[in-house]
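This report concerns only the one structure given below.
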Amino acid sequence: MILWTNVVFEAIIWKQNSNYRVLSNVCVSCGVRIPDIDFEIKPAMRETYGLFLVTAGKGIFIIDGIEYPVKRGNSVMLFPYSSISVKIYPNIMFEYKWVELTGFEIAVMISRTNFSKSRPVAPEIPVESLFQYFDVCDDNSDTVYAACRTNGKVLILLSYYIQYYPSRKSTETDYIMQARDYIERNFREVSCTVKSVADKVQLDRTYLYRLFKEETGFSVIEYINNCRIGRACTMLNNTNVQIKDVALSVGFSDQLYFSKVFRKLKGITPTEYRKKHANETTL
């Protein structure tokens, strides 16, 4: 038995404050299926992604010839140009929902999950009533508001997989984003150290050092010092604050250490920097 709706969105353009915006196609179809016989989607028939959620019982998804036993709570991702068929166990109920998705934005979001062609099955996502987010298609699909609702539902649905079933690379990038955000908000504080950054993102310092260096090209302490010295340069250029107070205001408790770091990054001392830029201003 199949209960389904089918929606094909043309790109919808509307005008708002003289700016045109486009809603890209995201949802092709969605529905629920309770198989009573085996069925098959032949390969190369779809250029779309298929996301399935098992809502009752258990069965077997066969993707590109490989069998994947699944049970209630499991999710399955079908990638474009893959073949899929389903086997059911005798006298065991098997029900699942699906949503068929397309578009560049969808591909990017799915790449942030841990799904891959060799790893198409996800464990249960700890979100109450996740199944309701599979009901993404709207009957009034030719309207702007329906397309907005559908896009929103799809984004919410995929956000849960990004949150609870993230790719390793996605997780690493998130750690670095959190670390950079913490540094940029707190570098003026003396307490902003490599240890405080590692504690904030809850990573081992050695592991954080490797990830941060790979992502930014700087070590954590180099990034902190660059933020501090950049701010110090602004203060030296635009204020008459004493050097020791500049040092303290950008996170250095020791003026001599501040001068050492400044010289290492800028090639001259803070005093020389201030004089140089003061002379340039008067020329």
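Every number in this text was worked out from the coordinates using simple rules, so none of it is lab data. From a predicted model like this one, the values you see are computed outputs, not experimental measurements. Because the Cβ atoms are built from the backbone with ideal geometry, glycine has one as well, and the counts that use them run over all protein chains shown.
Overview of values
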quantity: Cα-centred dipole magnitude for region 207-283, charges only on beta-carbon of K, R (+1) and D, E (-1), debye, nearest 20; calculated: 180
quantity: Overall form of region 171-282 per C-alpha gyration tensor (a/c, 1.5; a/b vs b/c); calculated: prolate
quantity: Fewest-first sequence of ILE84, ILE268 by Cβ atoms within 10 Å of each Cβ; calculated: ILE268, ILE84
quantity: Cα gyration tensor shape of region 62-213, rounded if a/c is under 1.5, else prolate or oblate by comparing a/b with b/c; calculated: prolate
quantity: Inter-part distance where region 58-84 and region 158-184 are each reduced to a Cα centre, Å; calculated: 27
quantity: Pairs from LYS97/LYS169; LYS195/LYS264; LYS71/LYS97 whose Cα-Cα separation, in the structure shown, is over 18 Å; calculated: LYS97/LYS169; LYS195/LYS264
quantity: All lysines inside 23 Å of LYS266 as judged from Cα atoms, apart from same-chain residues fewer than 8 positions distant; calculated: LYS213, LYS244, LYS275, LYS276
